[in-house]
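Each remark here refers to the structure printed beneath this line.
The values are calculated or read from the model by the stated rules, or taken from the named source; none is laboratory data. These figures come from a predicted structure and were not determined experimentally. Positions of Cβ are generated from backbone atoms using ideal geometry, with glycine treated the same way; all protein chains shown enter the neighbour counts. Each accessible area value is taken on the protein alone, full model and side chains, heavy atoms only, with ligands, DNA and RNA left out. Shrake-Rupley method; radii C 1.70, N 1.55, O 1.52, S 1.80 Å.
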Amino acid sequence: NEYQVPPGKWLLQKRLTKAKEILRKGLRKPSDIYADSGYNNFSNFCTAFKNEFGYSPHQVINKH
């Protein structure tokens with residue numbers, strides 16, 4: 001109730017934010033971190049990432 005989102009969605013948002021930080025720092029490639037972010041396949045990770053932030057994981061790398 002405190003965060004106004006279901007626990008599962010909150011956790012995925014946190015994992016996606018962590019993935020974005022890793023990508024922004026250039027530590028790993030998107031294809032290397034999707035499983036660590038709680039996704040079973042790369043396509044679902046990319047879709048969720050874009051839905052959350054408005055751009056793809058690859059665009060994070062290209063911005064920096």
(request) Please report the relative contact order for the chain, taking Cα pairs under 8 Å with a sequence separation of at least 6, and give it as a percent rounded to a whole number. (result) 30
(request) Pop out the carbon and sulfur fraction of the accessible area of the chain as a percent, whole number, probe 1.4 Å. (result) 49
(message) Just to confirm a number: summing +1 for Lys and Arg and -1 for Asp and Glu over residues other than Y34 whose beta-carbon lies under 14 angstrom from that of Y34, what do you get?
(response) +3
(request) Apply the Karplus parameterisation 6.51 cos²θ - 1.76 cosθ + 1.60, with θ equal to phi minus 60°, to every residue of region 52-61 and state each ³J(HN,Hα) to the nearest whole Hz, in sequence, with x for glycine and proline. (result) 6, 10, x, 8, 7, x, 5, 5, 5, 5
(request) Wrap a convex hull around the Cα atoms of the chain, take a quarter of its surface area, and give that in square nanometres. (result) 4.3
(message) Can you tell me which of A35, A19, A48 moves the most in a GNM of the chain? Springs connect C-alpha atoms under 10 Å apart.
(response) A35
(request) Let me have the 222 nm mean residue ellipticity of the chain computed from DSSP H runs of 4+ only, each contributing -39500 (n - 2.57), with the sum over all residues rounded to the nearest 500. (result) -19500 deg cm²/dmol
